[in-house]
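Report on one structure; see the data block that follows.
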Amino acid sequence: LNLVQQLAALYSPLEESYAATFRDVRLSPAFEDLADLLRVLCAVDRAVAASENLAAAWNAYKRLVRRVRLDPAAWDVDEPKLAKFERLLADLERGALGGGCFRACAELDFEALEGGRVNVRANPTLMREFERAVAALVDRCAKGLGTASETGERDLVVGAAALYAFHRRLAPANSEPDAKLYRALWSLQVRAPVVTLGGGRALPWFLADFLAEHAPPPPGVVKKLEPAPGKGVLDARRAACKALDRNFAAEARKLDLRLMAW
């Protein structure tokens, strides 16, 4: 919240500091850190959604609370406090335990400021800076994915997608998304059809699924996306998984040789 408000103030043409200093300054590290934070929220959401044990334990806990509600006196619970506690549980279920950490973050009121308001949504300069930051991350991913020098580009795909979806939540509802940027972001799944979150702990994340939920493609762009949404994406994933299976032994031998040489 504070970071977005500071960026909004720095990139506000109404501020003297913008014309004097920040008109030609790209605060890339700030946007990259924001993308990394949003990536972590996506990982938390994915971990919660994938945990059967957590879902079962949460349902059991809610059943216990319902039993308490039937007879608060038997549990030595004050009714007003119980009502407040139930509201907190409902908030928790809509957020972290409902896989909604990213959504809750994106839907914060970023314009609320003690003693006034800060212009975020109606700040076209800030929106352009978000687009520049996303484009820079997408470009880094495109150059590194699938190469011998690839390191953290797959995690960066998640961060780039999250930053883009976050930006679209901030932008006014009537603003047109950048079609070229959306196609570039979407195309990353050709070389990264699946990203494993959580340090390899079997948490698959799919770019197309995330964008469909948080930043659907603009109507005029759908037919130009590659792979095509829906069946095209699923077919591309299957083909990529089969290719990984076929090449697994050869890739393992290459890595072994590189490690021995190192």
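The values are calculated or read from the model by the stated rules, or taken from the named source; none is laboratory data. Because the structure is predicted, anything quoted here is derived from the model rather than measured. Every residue, glycine as well, gets a Cβ built from its backbone with ideal geometry; the counts of neighbours run over all protein chains shown. Remember, those area values only see protein heavy atoms, side chains included, never the ligands or the DNA or RNA. Shrake-Rupley method; radii C 1.70, N 1.55, O 1.52, S 1.80 Å.
Inside the stretch 152-181, residues that are surrounded by fewer than 23 Cβ atoms within 10 Å (Cβ to Cβ) and hydroxyl-bearing (Ser, Thr, Tyr) make up a count of 1.
Condition check ((1) in contact (Cβ under 8 Å) with a residue 12 or more places away in the chain; (2) of a type outside the set (Gly, Ala, Ser)) across all residues:
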position	(1), (2)
PHE22	yes, yes
PHE110	yes, yes
ALA122	yes, no
ARG128	no, yes
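Restricting attention to the stretch 229-239, the residues that are more than 15 Å from PHE210 (Cα to Cα) and open to solvent by 30 Å² or more (accessible area, probe 1.4 Å) total 5. Among the candidates LEU7, LEU14, LEU82, LEU54, the residue that is in contact (Cβ under 8 Å) with a residue 12 or more places away in the chain, loosely packed, with under 11 Cβ neighbours inside 10 Å and either on the phi < 0 side of the Ramachandran plot or outside any helix (DSSP H, G or I) (or both) is uniquely LEU14. If the condition is being farther than 30 Å from ALA47 by Cβ and either assigned to a helix (DSSP H, G or I) or among the acidic types (Asp, Glu) (or both), then the stretch 85-140 contributes GLU111, GLU114, PRO124, THR125, LEU126, MET127, ARG128, GLU129, ARG132.
Can we say LEU203 is under 25 Å from ALA104 (Cβ atoms), open to solvent by less than 10 Å² (accessible area, probe 1.4 Å) and either hydrophobic (A, V, I, L, M, F, W, C) or more than 16 Å from the chain's Cα centre (by Cα) (or both)? So LEU203 fails the test. Might you check whether a residue that is under 19 Å from the mean Cα position of the chain (by Cα) and open to solvent by 50 Å² or more (accessible area, probe 1.4 Å) occurs anywhere in the stretch 240-247? Within the stretch 240-247, none of the residues are under 19 Å from the mean Cα position of the chain (by Cα) and open to solvent by 50 Å² or more (accessible area, probe 1.4 Å).
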